[in-house]
1. Quick one: net charge of A94's neighbours, Cβ under 15 Å, K/R +1, D/E -1?
2. Mind listing the long-range amide H neighbours of Y36? Cut-off is under 5 Å, sequence gap 5 or more, other chains count too, H placed in the peptide plane at 1.01 Å from N.
3. Could you compute the FRET efficiency for L128 and A72, with r as their C-beta to C-beta distance and R0 at 25 Å, rounded to 0.05?
4. Taking the alpha-carbon centroid of each part, what is the distance from segment 94-119 to segment 49-64 in angstrom?
5. What nm value, rounded to one decimal, do you get for the distance between V34 and A94 when each label is placed 7 Å out toward the C-beta?
6. For segment 68-115, count all C-alpha to C-alpha pairs, find those more than 16 Å apart, and express that count as a whole percent of the total.
Amino acid sequence: MTVWRITGEDGPVRRFASPEGTGPTQDAPRYDVVEYDTALLRVVSASGSPWLRLTGDIDVSNCADLDGLLRAAVERVPGDLHLDLCRVDFVDVAGLRVFTKTAHALDEGRRMLLLHGVSPHIDKLVRLIGWDRAPGLHVHCKSRPAP
């Protein structure tokens, strides 16, 4: 595993509200461990945190790898798992299946998979298929604006 230390800030600190929208806001974590890095998809984690940031595109070509990464995260994270999708441009149905499979595994332990910063494309696809009601899956935060 490659460790990547962030020396500069990616921009302003993003803050996320609680899933129910009633609790205090929390700062997005600093990402410092590269879990997966290819031309199509990069996954980094925040050490000591239940957050993963995904960057790029998720499709059938990298779903098996993403599934393995998320299964490992489910094992090491004691509570809910948060995916920062602010930098994901495309997800196909195979990618959404990985999310719902992970959410189902988390739901069995009374935990959740929370998707943050989803694009309008991802939000629409999740809702059209009806997976926004999948057990253990929560599309959190409003969709980011289209580019």
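None of the figures in this text is laboratory data; all of them are computed from the coordinates on show. Note that the structure is a prediction, hence the values are computed from the model and not measured. With ideal geometry, Cβ positions are generated from the backbone for all residues, glycine too; neighbour counts draw on all protein chains shown.
1. It works out to a net charge of -3.
2. V43
3. 0.25
4. 12
5. 2.4
6. Summing the P(r) tail past 16 Å for segment 68-115 gives 35 percent.
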